[in-house]
Amino acid sequence: MTGSLRPYSSVGLQRPPSRYAVDAVVVIAVAVLLWALVHLGESITARITLEHVPSSVSTDPAALPGYAARSLLRMFVALAASVVFSLAYATAAARLPRAEKVLLPLLDILQSVPVLGFLSVTLTIWLTLFPGTMLGLECASIFAIFTSQAWNITFAFYQSLITQPRDLDEAARVLRLTKWQRFWTVDVPGGMIPMVWNGMMSFGGGWFFLVASEVISVNNHRYALPGIGSYVAAAAEQQQVGRIVLAIGVMVLMVIGVNVVFWRPVTTWAERFRTEQSTPATAPRSLVLDLLRRSRVPGAAGSLLRPVGQGLDRMTRPFGLAERPLRVSPARRRAGDLAFAVLVGAGLVWGLVRMLAFVAAGPGLGEFGHAALLGLATFARVIVLVAVATIIWVPVGVWIGMNPRVARYAQPVVQVLASFPANFLFPLFTLVLIGTGISINLGGIVLMALGAQWYILFNVIAGASAIPSDLREASHDLGLRGWLRWRSFIGPAVFATWVTGGVTAAGGAWNASIVAEIVSYGHTKLVATGLGAYIAQSTAGGDFGRTLVGVTVMSIFVVGLNRVFWRRLYRLAEDRYSLNEG
C-alpha cells in the first residue's frame, strides 16, 4: 500500500533530475562555451594593418550582442591573468622580507599609474609582438583591463597572508608541508573569501575602464575595438541617446547574468574555506553550483587532472619545507641585506637620472611643479571620496555581511551597482552639469566615487561575513550593544578588510580621475582642474614627456599616502586586530 502511494507523494513530485540529465546540461553548456571561444578567437586573430583599424564602431543595435561577447571575453581573460599575478606577487611580498621592501612600494606605484599611462607605454610592445593582426590591439586592451583588476586582488591576498592565524602557520610546520603544499592547503584557502569578493569588485572596476581600453587614444592615434565600451563611446559622439540607453540595458543584463552564472556559484563555493568551528545560520545557495555538484563531469575532469597535480607536487619538493631556518648567521644576513640594497638603489638611481634627463629635454623640470599643484586638486577629491564612502558604506557592509539572509538578496543588487560602468552615464551627466551650471570640479568627485566607492563596501562585506560565528555568539552573550559593540567587536573585526578597501578605493579614485575629470557629449567637453585631466590630455596628444611627469607625480602622491597613512594601518591590523593568539 505504501508502494502504491509513493508515486503521488510530494517527495516524488520534488524528485531532482537524474544525474544523466544534469550531465547532459553541463556537457552542452561546456560545448557552447568552447564554440563561442573558437568563434571569437577567429575574429581576434584576423589579419589587419593598423591603417585599416577603424577609429569608431558601428552603433547598429544588431551588432551589440557580438560586441558584448567580445567585451566579456576580454574581462575574463584579464581576470584570469590578475588571479595568477596576485597569487605569485602577494606570496613573494608576504614570504620574502627583502622582496617585500621593493614589491609593496612597487605595487603602490603600479596601482597609482592610470590605464592610459600603461597604454601609452605598452601599446607599441604589443603591436610589435603581434604585427599585422588584431591580436596586438586585443592584448593591449586586455592588459589595460588587467591593470584595473590585479592590484586590488593582490592587496587582498597579501592582507590575508600577513594576518594568517598562527595556529595554521604552526600546523603547516608541524605537518612538515612543502612550500607548494602549504600554498594550496593553507595560504590559498585562507585568502579565498577576500580574494573572491575583491575579484568580484575588481571585475566591476574593469567594466569602468572598458571605454578607455576599447577605444585606445594614444600618440595622436585612435583605435576602436569591437565592444560594448566602444559602442557607447560611438553613440555618445553621435549624440544617440537611445543607443546609449540600449547599451545600458544590455550591460545590466550582462552583469546580472555574470553574477548568476559565475560570481554567485564562486562566492557560495568559497564558504567552505571559513576557518571556524560553527557554521552560519543561513548558508548561501547557488542553483548553478548545485547543478555542478550533482554532475559527474567536474569529478571526471578532476580525475584526469589529478596526475598533473601529483606531478607538480613531486617537482616542487626540492624547493624545501614551509619553515624558516632556526638560525641565520647575522653576518650573512647583513651582507645579503647590503647587497640587495645596493642593487636596488643602483637601479633606482639609474632610472631616476634617465627619467629626469628625458623630461629636461622635453617639457622641462619645472613641469613637475605644475603637475604637483594639479595633483593637490585631485588629492582633495580623493580625501572627500574615501571619507564619505567610509561613513556611508561601512555600516551598510557590516549589515549585509553579518546577515546571510540579507546578503543573499543584497549581493546581486550590490554587484549590479558596482559592476555597472558609471562612465556609461557620463554623457548624460555632462548634460546635467551644463543645464545646472555645476562645476565639473565638484561633479568630478561624484564621478570618481561611482567607480571607487564600491571597494570599501565589498571589502567590509567580506570582512563581516568572515567573522566566525562563535565570536558573534560570544558578543551576543556578553550583551554588547550600540557603540560598545562597534568599538570592541565589529570595528576590530572588519578593520583589516576596511584598510584593504580604503587603500584600493583611494588608488581606484586616482585612476578614475583620468576619465572623471574630462567628460563630453557630442562636441561639448568639460575639463576639471586636476592631475587626471592633465594625464588624459597629454596622452591623447602624444606628449609622452608630460604623460611621464603626470604619472610620476601621481605615483608620488599615492605611494606617499600609502606609506604615511595606509601602511601604518596595515601594521595596526596585523598586530592588534588579526585572529592570531597572543
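Odds and ends about this structure:
- Any hit, the stretch 75-98, residues being open to solvent by 60 Å² or more (accessible area, probe 1.4 Å) and of a type in the set (Val, Ile, Thr): yes
- Exclusive hit being more than 21 Å from Gly451 (Cβ to Cβ) and of a type in the set (Val, Ile, Thr), set Val215, Val188, Val196: Val188
Per-residue answers, yes or no, for (1) open to solvent by 10 Å² or more (accessible area, probe 1.4 Å); (2) of a type in the set (Gly, Ala, Ser):
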position	(1), (2)
Val515	yes, no
Val519	no, no
Leu526	yes, no
Gly542	yes, yes
Leu548	yes, no
Met554	no, no
Val558	no, no
Leu572	yes, no
Arg576	yes, no
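- Taking residues in the stretch 24-38 that are over 18 Å from Arg294 (Cα atoms), and partners anywhere that are assigned to a helix (DSSP H, G or I), the pairs with Cβ atoms closer than 7 Å and at least 6 places apart or on different chains are Ala36/Ala69.
- Contact map, the stretch 117-145: residues that are in a helix (DSSP H, G or I) paired with residues that are open to solvent by 50 Å² or more (accessible area, probe 1.4 Å) and among the aliphatic types (A, V, I, L, M), Cβ distance under 6 Å, separation 6+ or inter-chain. Pairs shown: Ile142/Val77.
- Scanning the stretch 453-473 for residues that are more than 19 Å from Val396 (Cβ to Cβ) and open to solvent by 40 Å² or more (accessible area, probe 1.4 Å) gives Asp470, Leu471, Glu473.
- Remark: Val515 falls outside the filter, which requires a residue to be assigned to a strand (DSSP E or B) and β-branched (Val, Ile, Thr).
- Taken as a whole, the structure places Ala68 among residues that are more than 14 Å from the chain's Cα centre (by Cα), closer than 29 Å to Leu253 by Cβ, open to solvent by less than 50 Å² (accessible area, probe 1.4 Å) and aliphatic (A, V, I, L, M).
- Condition check for Ala509: in a helix (DSSP H, G or I), modelled with pLDDT of 85 or more and touching a strand residue (DSSP E or B) at 6+ places or on another chain (Cβ under 9 Å): no
- Among the residues listed as Leu457, Leu480, the single one being modelled with pLDDT of 85 or more and within 30 Å of Gly190 (Cα to Cα): Leu457
- Qualifying residue in the stretch 176-185 (condition: on the phi > 0 side of the Ramachandran plot and of a type in the set (Lys, Arg)): yes
- Taken over the stretch 179-208, the criterion of being buried (at least 18 other Cβ atoms within 10 Å of the Cβ) and hydroxyl-bearing (Ser, Thr, Tyr) is satisfied by Ser202 alone.
- Candidate set from the stretch 123-150 (those that are open to solvent by 20 Å² or more (accessible area, probe 1.4 Å) and under 22 Å from the mean Cα position of the chain (by Cα)); member that is nearest to Val53 (Cα to Cα): Cys139
The values are calculated or read from the model by the stated rules, or taken from the named source; none is laboratory data. Owing to the predicted nature of the structure, the values given are computational and were not obtained by experimental measurement. As a convention, Cβ positions derive from the backbone with ideal geometry for all residues, glycine included, and neighbour counts pool all protein chains shown. Just the protein is used for accessible areas: all its heavy atoms, side chains included, with ligands, DNA and RNA removed. Shrake-Rupley method; radii C 1.70, N 1.55, O 1.52, S 1.80 Å.
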